[in-house]
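Beneath this line is the structure, given in structure tokens, with notes to follow.
The values are calculated or read from the model by the stated rules, or taken from the named source; none is laboratory data. Computed from a predicted structure; not experimentally measured. For neighbour counting, all protein chains shown are included, and Cβ atoms are generated from backbone atoms with ideal geometry for every residue, glycine included.
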Amino acid sequence: MTAPGTALRSPALRARLRGYALFAAVALLLLVVAPLALPAFRLDELAKYLCFAIAALGIGLAWGQGGMLTLGQGVFFGLGGYAMAMYFKLHDADGDLPDFMVWSGVEKLPALWKPFESPVVAIAAVVAVPVAVAAVLGALVFRQRVRGAYFAILTQALAAAFVILLVGRQGLTGGTNGLTNFYDVFGRDPEAESTQRTMYFVTAAVLGVLYLAARQLVKSRFGRLLVAVRDGEDRVRFLGYNPATVKTVTFAISAGMAGLAGALFVPVVGIISPSLLGVVPSLELVVAVAVGGRYALAGAVLGAVVMNYAKTEFSEQWAGGWLYLQGALFILVMTLAPKGAVGLYEQVKDAVARRRTPERPVPAQSVQGEAA
Amino acid sequence: MDSLLNQVPIGLSIGAVLLLVALGLTFTFGQMGVVNMAHGEFIMAGGYTAYMLQDWAGSQAVLAALPVAFAVAGALGWVLERLAIRHFYGRPLDTLLLTWGVSLVLQQAARDLFGAPNVQVVAPGWLTGRIEVLGGALPYARLFIMALAVACVAGIWLYLSRSRPGRRMRAVMQNRQLAEVSGVATARVDQLTFFIGSGLAGVAGVALTLIGPVGPSIGTYYIVDAFLVVVAGGLGQLRGAVIAAVALGMLNSYAEFWTDASLAKVIVFAVVIGFLQVRPQGMFVLRSRALT
């Protein structure tokens with residue numbers, strides 16, 4: 001171990017320590033301050049935002065780091081959510097058919113539902129199904145070098161088709177209403193305050209762990225390769241790597257995160273339905289990431305929490321106003337601060353630092369162009 | 001067998017709607033690399049133009065609205081290009097998000113101006129009725145939309161291949177830098193392209209009033225399918241767009257016929273993904289040696 005005095009002079013280490021301190025501060029805020037200070041229903045609301053933050057983290061990874069603008073994260077969120085909700089439904093029904101199936105005249109439990117009687121299978125499916133879908137789609141699309149706007153449009157079409165399918169298969173999916181009315185979440189009453197509190201802590205912990213894992217991934221060799229693919233896919237190919245693999249793996253990871261987020265969303269909010277998953281909700285997640293700052297994972301998380309909070313607050317006051325505000329905010333962010341809040345903060349910090357020490361060279365701008 | 005043939009006119013008419021909706025996109029997306037999510041709201045603007053003109057033109061509003069809607073939607077597009085999009089060239093993904101913000105604002109504006117419920121445009125008398133085609137009944141309105149689609153494609157084709165501004169447009173599409181050094185004012189061509197592309201959305205909006213009501217969210221129903229047509233047809237390719245629109249229309253109608261409406265969209269999506277395995281850049285590709 002080196003003496004702390006000398007080590008602290010290294011700016012890299014200082015930045016790292018600052019990062020840890022910030023993470024610890026946010027963790028303290030989420031795990032200690034918020035549960036003590038917030039009334040139960042606000043805490044439940046925050047848990048919902050944290051679910052979105054987990055999905056946003058995946059978008060930050062795929063889009064911010066990998067340049068893949070995925071407009072279909074709602075699909076993966078939904079796959080995870082439905083997998084979880086199917087287990088709850090079957091558990092509640094206790095051998096009978098789930099209530100909505102009876103209403104839509106289904107007589108026998110569909111084969112698709114059979115495996116979800118087991119909680120282990122359901123929880124595994126929460127991650128495995130979205131990952132598998134994303135891996136297949138990613139492999140097909142990226143192998144053929146379909147990228148950029150094409151990829152964005154395809155994922156959006158996937159979201160549109162997914163929702164239409166969910167709505168159309170009433171007997172299998174609960175149709176427009178989705179799956180709701182759960183009476184038993186792993187032996188607890190989902191409406192009870194203690195359950196909601198526990199769910200909040202579970203969600204916050206999952207977010208924290210995934211955030212650290214994602215950071216580690218970004219800092220790893222793979223993460224550098226991912227950024228390289230974003231900034232110059234062909235160059236990476238000429239250097240002997242296969243960009244398709246890098247992109248597919250990342251896309252699958254981000255889908256897995258969205259699936260996990262959806263699965264946590266179900267006990268937290270008590271419903272999963274097509275209206276939460278379509279083109280617009282998927283885009284709203286991307287908006288949140290863009291506003292927070294797409295090139296930083298923390299920006300994605302911050303954006304998801306702040307934007308969803310703003311949406312709730314604003315919609316309560318003036319529903320139409322939220323759309324104006326969201327649209328206007330988005331236009332402003334894209335034109336004036338494409339790197340979002342985190343980018344803005346860094347710009348201000350750089351400007352201040354430069355004024356303080358005029359002789360210091362201007363920090364090199366990192367290349368953050370888009371692979372068109 | 002009869003019912004199989006029945007699907008042909010249905011498929012063709014879906015294809016005609018898709019084509020009208022996607023035609024403008026092939027230019028704004030194809031030539032300028034702008035993924036204009038607000039295209040759907042320009043369609044909406046066209047529909048509302050027809051609705052507004054009803055007071056003045058009565059039941060002939062649809063005919064009167066065609067040129068007016070072209071101008072209104074075109075002007076909206078031109079303003080959008082001038083104010084925002086021109087700062088975004090070369091960043092297609094950012095234009096997608098930017099124009100989505102615009103589309104949210106326009107939708108809410110329509111809700112505040114015209115009210116949230118859908119409004120109806122009365123079709124002219126000579127468009128009510130239907131004819132028997134291949135054993136199925138085809139409403140005149142659908143026939144009119146097909147004719148309109150054909151007329152728009154013919155007009156665009158003539159414009160691109162026979163007129164000077166059209167030639168400049170093709171030059172910019174094929175090689176922007178070379179066009180610029182050859183003295184083509186690319187910025188002005190971009191403005192015109194955006195005007196025409198958006199104007200076509202307005203025309204599509206008028207056509208849509210013939211088959212259904214107009215509402216603030218009408219654009220969102222068509223925008224995703226329209227982009228799929230462009231992706232399958234190839235960027236900026238007129239014939240690609242025509243073939244892709246008809247093919248997707250047919251596929252839609254047959255998939256719905258054999259399965260149901262909810263599976264049809266999934267099938268269409270799967271077929272497009274499968275098609276991109278063979279032709280990753282769509283049906284027709286502008287050959288270029290440029291590297292991405």
(message) Checking A:Gly223 against (1) buried (at least 17 other Cβ atoms within 10 Å of the Cβ); (2) within 15 Å of the chain's Cα centre (by Cα): exactly one of these is not met. Which one?
(response) (2)
(request) Determine whether A:Val291 is in contact (Cβ under 8 Å) with a residue 12 or more places away in the chain and within 19 Å of A:Phe76 (Cβ to Cβ). (result) no
(request) List every residue pair whose Cβ atoms sit under 9 Å apart, with the two residues 6 or more apart in sequence or on different chains, where the first one lies in region A:160-179 and is outside any helix (DSSP H, G or I) and the second, anywhere, is β-branched (Val, Ile, Thr). (result) A:Gly174/A:Thr180; A:Gly174/A:Ile272; A:Gly178/A:Ile271; A:Gly178/A:Ile272; A:Leu179/A:Thr173; A:Leu179/A:Val266; A:Leu179/A:Ile271; A:Leu179/A:Ile272
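With region B:1-109 as the region, which helices (runs of 4 or more DSSP H) entirely inside it contain at least 1 residues that are under 22 Å from A:Leu71 (Cα atoms)? Lay out the reasoning, then the answer.
Details: elements: B:2-32, B:39-57, B:61-83.
The helices (runs of 4 or more DSSP H) meeting that bar are B:2-32, B:39-57.
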(message) Residue pairs, Cβ under 7 Å, 6 or more apart or interchain, first in region A:306-329 and under 14 Å from A:Arg42 (Cα atoms), second part of a helix (DSSP H, G or I) and acidic (Asp, Glu). List them.
(response) A:Thr312/A:Glu45
(request) Identify the residue in region B:95-117 that is in contact with a helix residue (DSSP H, G or I) (Cβ under 7 Å, 6 or more places away or on another chain) and of a type in the set (S, T, N, Q) and, among all such residues, is nearest to the other protein chains (Cβ to nearest Cβ). (result) B:Gln108
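I'd like to check which helices (runs of 4 or more DSSP H) are fully inside region A:7-92 and have at least 3 residues that are under 25 Å from A:Ser254 (Cα atoms) and in contact with a helix residue (DSSP H, G or I) (Cβ under 7 Å, 6 or more places away or on another chain).
Values: elements: A:11-28, A:34-37, A:40-59.
It comes to A:40-59.
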(message) If I ask for residues that are buried (at least 16 other Cβ atoms within 10 Å of the Cβ) and of a type in the set (Gly, Ala, Ser), which ones from region B:162-216 would you list?
(response) B:Gly166, B:Ala171, B:Ala179, B:Gly197, B:Ser198, B:Gly199, B:Ala201, B:Gly202, B:Ala204, B:Gly205, B:Ala207, B:Gly215
(request) From (1) within 14 Å of chain A (Cβ to nearest Cβ); (2) more than 30 Å from B:Thr49 (Cα to Cα); (3) at pLDDT 90 or above, pick out the condition that doesn't hold for B:Ala244. (result) (2)
(message) Being basic (Lys, Arg) and touching a Phe, Trp or Tyr at 6+ places or on another chain (Cβ under 7 Å) is the filter here; which residues of region A:225-257 pass it?
(response) A:Lys247
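Looking only at region A:106-156, which residues are assigned to a loop (DSSP other than H, G, I, E, B), aliphatic (A, V, I, L, M), touching a residue at least 40 places away in the same chain (Cβ under 8 Å) and buried (at least 16 other Cβ atoms within 10 Å of the Cβ)? Give the derivation first.
Of the residues in region A:106-156, the ones assigned to a loop (DSSP other than H, G, I, E, B) are A:106-113, A:118, A:144-148.
From what is left, the residues that are aliphatic (A, V, I, L, M) are A:106, A:109, A:111-112, A:146.
With touching a residue at least 40 places away in the same chain (Cβ under 8 Å) added as a condition, the list becomes A:106, A:112.
Within region A:106-156, just A:Val106 meets the criteria.
So that you can scan it fast, the table gives a plain yes or no per residue for (1) of a type in the set (Lys, Arg); (2) on the phi > 0 side of the Ramachandran plot; (3) at pLDDT 90 or above:
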position	(1), (2), (3)
A:Gln170	no, no, no
A:Asp184	no, no, no
A:Val202	no, no, yes
A:Ala213	no, no, yes
A:Lys219	yes, no, yes
A:Val227	no, no, yes
A:Ile253	no, no, yes
A:Met257	no, no, yes
(request) Scan B:Val224, B:Val272, B:Val230 and give me the residue that is under 18 Å from B:Gly15 (Cα atoms) and either touching a Ser or Thr at 6+ places or on another chain (Cβ under 7 Å) or in a loop (DSSP other than H, G, I, E, B) (or both). (result) B:Val230
